[in-house]
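To start, the structure under review is shown below, and the notes come after it.
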Amino acid sequence: QVQLVESGGGLVQAGGSLRLSCSASGRTARSYAMGWFRQAPGKEREFVASISSSGGTAYYTDSVKGRFTISRDGPKNTMYLRMNSLKPEDTAVYYCNADPYYSDFRRDPSNFRSWGQGTQVTVSS
C-alpha cells in the first residue's frame, strides 16, 4: 500500500505561485498513475490534475489549464503541482492520490479508498 504526504501549501496573494509536493512511500509507487484533487469549503472533492505512471500523459481540469503544471520525479517517488497565477477560487485543501489500476488515472474521487490530511492553499484577493 502506498502512503502519501502532501506539503507546500500556504497563504498567497492572487496572481502568486506555489508548488505542492506529494511524497509517496512504498516500493510500487513509481508504477502508479498519480493525481491531485482539491476540496473547497462547502464543496465536494474535485479532480485537479493527473500524470500517468510513465510521466508521459497529463490531464487538467479546465479551470486550471494554462496555470498549473503537474510533474513527477520517479527516483524520489514524489509528484509536484506548480500553481501559477493563483486565483481566490483556487482556495482549497489539496490532496494527492495514486491509482494502482489505471495507468492514466481515474478522475472520480470515489475510486480511492483513503486520503491523507492534504495541504491548505489559501489565495487572498
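The values are calculated or read from the model by the stated rules, or taken from the named source; none is laboratory data. All of these numbers come straight from a predicted model, not from anything done at the bench. Here the Cβ is made from the backbone with ideal geometry for all residues, glycine too, and neighbour counts use every protein chain on show. Note: areas computed on protein heavy atoms with side chains; ligands, DNA, RNA excluded. Shrake-Rupley method; radii C 1.70, N 1.55, O 1.52, S 1.80 Å.
Per-residue HN-Hα couplings for region 35-43, Karplus 6.51 cos²θ - 1.76 cosθ + 1.60 at θ = phi - 60°, whole Hz, x for Gly and Pro?
x, 10, 10, 9, 9, 8, x, x, 10
Quantify how much of the Cα-Cα distance distribution of the chain extends past 22 Å, in percent. It would help to have the intermediate numbers written out before the result.
Values: 2057 of 7750 pairs.
The share of Cα pairs beyond 22 Å in the chain comes to 27 percent.
Once you have a ≥ b ≥ c as the square roots of the Cα gyration tensor eigenvalues for region 1-56, tell me rounded if a/c is under 1.5, and otherwise prolate or oblate according to whether a/b is larger than b/c.
On the way: a/c = 1.95, a/b = 1.74, b/c = 1.12.
Verdict is prolate for region 1-56.
Tell me the per residue accessible area of the chain using a 1.4 Å probe; a whole number in Å² is fine. Numbers along the way, then the final one.
Working: 6690 Å² over 125 residues.
With the other protein chains kept in place, the chain gives 54 Å² per residue.
For region 85-91, take each phi angle, set θ = phi - 60°, evaluate the Karplus expression 6.51 cos²θ - 1.76 cosθ + 1.60, and give the result in whole Hz per residue in order, putting x for glycine and proline.
Values per residue, Gly and Pro as x: 6, 5, 10, x, 6, 7, 4 Hz.
So if each residue of separation counts as 0.36 nm, and I subtract the Cα-Cα distance between Glu46 and Phe112, what length gain in nm does that give?
Numbers: separation 66, 0.36 × 66 = 23.76 nm, distance 1.25 nm.
Gain on stretching Glu46 to Phe112: 22.5 nm.
Please compute the net charge surrounding Arg45, taking Lys and Arg as +1 and Asp and Glu as -1 over other residues with Cβ under 12 Å from its Cβ. Could the numbers behind the result be given before it?
Numbers: positive: Arg38, Lys43, Arg107; negative: Glu44, Glu46, Asp108.
Cβ neighbours under 12 Å give a net charge of 0.
Counting only protein heavy atoms, what percent of the accessible surface of region 22-115 is carbon or sulfur at a 1.4 Å probe? Numbers along the way, then the final one.
Details: 2130 of 4930 Å².
Summing carbon and sulfur atoms, their accessible area is 43 percent of the total for region 22-115.
Quick check on the chain: of the DSSP beta bridges with both residues there, what percent are antiparallel, nearest 5%? Let's see the in-between values first.
Values: 35 of 39 bridges.
In the chain, approximately 90 percent of DSSP beta bridges are antiparallel ones.
Give, as a single signed number, the net charge of other residues whose beta carbon lies under 15 Å from the beta carbon of Gly8, with Lys and Arg counted +1 and Asp and Glu -1. Spell out each step's value before the answer.
Details: positive: Arg19, Arg38, Arg72, Lys76, Arg82; negative: Glu6, Asp73, Asp90.
Spelling it out: positives minus negatives among the neighbours equals +2.
Give a quick list of GluC sites (Glu not before Pro) in region 1-58 that DSSP marks as loop, anything other than H, G, I, E or B, with at most 11 other Cβ atoms within 10 Å. Before the final figure, lay out each step's value.
Working: sites: Glu6, Glu44, Glu46; in loops: Glu44.
Those that pass, being in a loop and sparsely packed, are Glu44.
Net charge around Tyr80, counting only other residues with Cβ within less than 14 Å of its Cβ (Lys, Arg = +1; Asp, Glu = -1)? Walk me through the numbers on the way to the answer.
Numbers: positive: Arg19, Arg72, Lys76, Arg82; negative: Glu6, Asp73.
It works out to a net charge of +2.
Tell me, in nm to one decimal, what length is gained between Ser25 and Thr57 on full extension, where the rule is 0.36 nm per residue of separation less the Cα-Cα distance? All intermediate terms of the calculation are to be shown ahead of the outcome.
Values: separation 32, 0.36 × 32 = 11.52 nm, distance 2.22 nm.
Answer, rounded to one decimal: 9.3 nm.
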